[in-house]
Amino acid sequence: MSESVVLHVRGRVLVGPEDVRDELWVIDGRISYDRPAGVRDIRAVEGWALPGLVDAHCHVGLDAHGAVPEDVAEKQALTDRDAGTLLVRDAGSPSDTRWIDGREDLPKIIRAGRHIARTRRYIRGYAWEIEPEDLLAHVAREARRGDGWVKLVGDWIDRDLGDLAACWPREAVEAAIAEAHRLGARVTAHCFAEDSLRDLVESGIDCVEHATGLTEDLIPLFASRGVAIVPTLVNIATFPRLADGGAVRFPRWAAHMRRLYERRYDTVRNAYDAGVPVYVGTDAGGALPHGLAAAEAAELVTAGIPPVAALSATTWAARSWLGRPGLQEGAAADLVVYEEDPRADIRVLAAPRRVVLNGRVVA
Ligand SMILES: [Zn+2]
């Protein structure tokens, strides 16, 4: 489709959860609320329009074994796109996916550089594996390479201990997070366990991924400091299988993973109820397939988060948190159109009628 075609999106345009309009136009790839004059070639799209979905924890260019070739990364990005995910926060990737920025037909990506992990304390082939004395230098480098985020691995199995354990001494993360902030980057960390969380939050971390270890005494700390969580419940669903696989060698770890799994919905709902910002993230690209943002939003509702809040966690609130526009006048026309009101039933998200990216109907 050429840029000269004007799209007329009509029905219900959900600019915000309460800000609903009847129509918008897409002119030269941008959103307008003024009917264009003297244009003949107008294509109509009807339904309930939302800003393009956000997957705030996704990995493009990565699979279960590490970096993948460009054609595989492209397929991953297309799968997300066709499911309505038009903005991705890439939570760590060993491959250089900058070429995607030049592709108008692929989702927009906010990168966190490459994961930074403790030596032999993460999935092989994913991370820079380093010791604490090198943390500050690596964080500074990834802060410069990324798009405003840095990703740490905050805890992982300690094979000598046979259980999850924190990866970094307090002083090292304090200095590293301060350095990231000085360079204008936010910091997030992969954390499954309980005991890694307090040091990271008190050191000024901005977000925690998974956060299955959140407990009653830690939740108020997250809430008072405004530290967001991205629970990735579709990924936490794999914990029992992981536990089964490691139960013989690491029984304590396996039991711990099962406990975290069993209380996952309570953890997420208690955090939400206390005012902790919660966002949709799928963890696609490691072991999970792409295109699961709708499934994760549905999981947040299962956990007890109100449907409109779960919707906002992948649309309005998520975009605002990441500093990207939604359906504002003049913004790039990245939107998804549904047959029914997704506020009334979160399952509507799973079946987009039309996906519009940079003003083009792409799916
Ligand atoms: Zn991840």
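The values are calculated or read from the model by the stated rules, or taken from the named source; none is laboratory data. Everything numeric in this text was worked out from a predicted model, so none of it was measured. Methodologically, a virtual Cβ is constructed for each residue, glycine included, from the backbone with ideal geometry; neighbour enumeration extends over all protein chains shown.
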### Query
Regarding residue 187, is this residue in contact with an Asp or Glu (Cβ under 8 Å, 6 or more places away or on another chain), more than 28 Å from residue 254 (Cβ to Cβ), more than 16 Å from the ligand (Cβ to nearest atom) and not small (Gly, Ala, Ser)?
no
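Of all residues in region 127-153, count the ones that are over 19 Å from residue 54 (Cα atoms) and touching a strand residue (DSSP E or B) at 6+ places or on another chain (Cβ under 6 Å).
9
Conditions tested, residue by residue: (1) touching an Asp or Glu at 6+ places or on another chain (Cβ under 8 Å); (2) over 26 Å from residue 188 (Cα atoms); (3) surrounded by 23 or more Cβ atoms within 10 Å (Cβ to Cβ).
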| residue | (1), (2), (3) |
| --- | --- |
| 54 | no, no, yes |
| 58 | yes, no, yes |
| 63 | no, no, no |
| 76 | no, no, yes |
### Message
Please verify whether residue 138 is modelled with pLDDT of 95 or more and part of a strand (DSSP E or B), treating the condition exactly as stated.
### Response
no
### Message
List the residue pairs whose Cβ atoms are under 6 Å apart, where the first residue sits in region 204-232 and is touching a residue at least 60 places away in the same chain (Cβ under 8 Å), the second is within 16 Å of the ligand (Cβ to nearest atom) and among the charged types (D, E, K, R), and the two are 6 or more positions apart or on different chains.
### Response
230/209; 232/283
#### Entry: Residue list for region 86-142, restricted to those being touching a Cys at 6+ places or on another chain (Cβ under 7 Å) and over 20 Å from residue 206 (Cβ atoms)
118, 121
### Top-ranked residue in region 78-102 [being aliphatic (A, V, I, L, M) and within 16 Å of the ligand (Cβ to nearest atom); ranked as nearest to residue 146 (Cα to Cα)]
91
### Message
I'd like to verify a number: residues in region 195-225 that are in a loop (DSSP other than H, G, I, E, B) and of a type in the set (Asp, Glu), how many?
### Response
4
### Query
In region 225-245, is there at least one residue being away from the ligand (no atom under 16 Å from the Cβ), surrounded by fewer than 24 Cβ atoms within 10 Å (Cβ to Cβ), among the aromatic types (Phe, Trp, Tyr) and within 29 Å of residue 351 (Cα to Cα)?
no
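In region 172-196, what residues are of a type outside the set (Lys, Arg) and free of Cβ contacts under 8 Å to residues at least 24 places away in the same chain? Before you say what the answer is, go through the steps one by one.
Restricting attention to region 172-196, the residues satisfying the condition of being of a type outside the set (Lys, Arg) are 172-181, 183-185, 187-196.
Hit for region 172-196 is 181, nothing else.
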### Query
Which one of the conditions (1) in contact (Cβ under 8 Å) with a residue 60 or more places away in the chain; (2) surrounded by 16 or more Cβ atoms within 10 Å (Cβ to Cβ); (3) in a strand (DSSP E or B); (4) out of contact with any helix residue (DSSP H, G or I) (no Cβ under 9 Å at 6 or more places or on another chain) does residue 46 fail to meet, given that it meets all the rest?
(2)
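Looking at 326, 291, 285, can you tell me which residue is more than 16 Å from the ligand (Cβ to nearest atom), of a type in the set (Gly, Ala, Ser) and surrounded by 15 or more Cβ atoms within 10 Å (Cβ to Cβ)?
Within the list 326, 291, 285, the selection yields 326.
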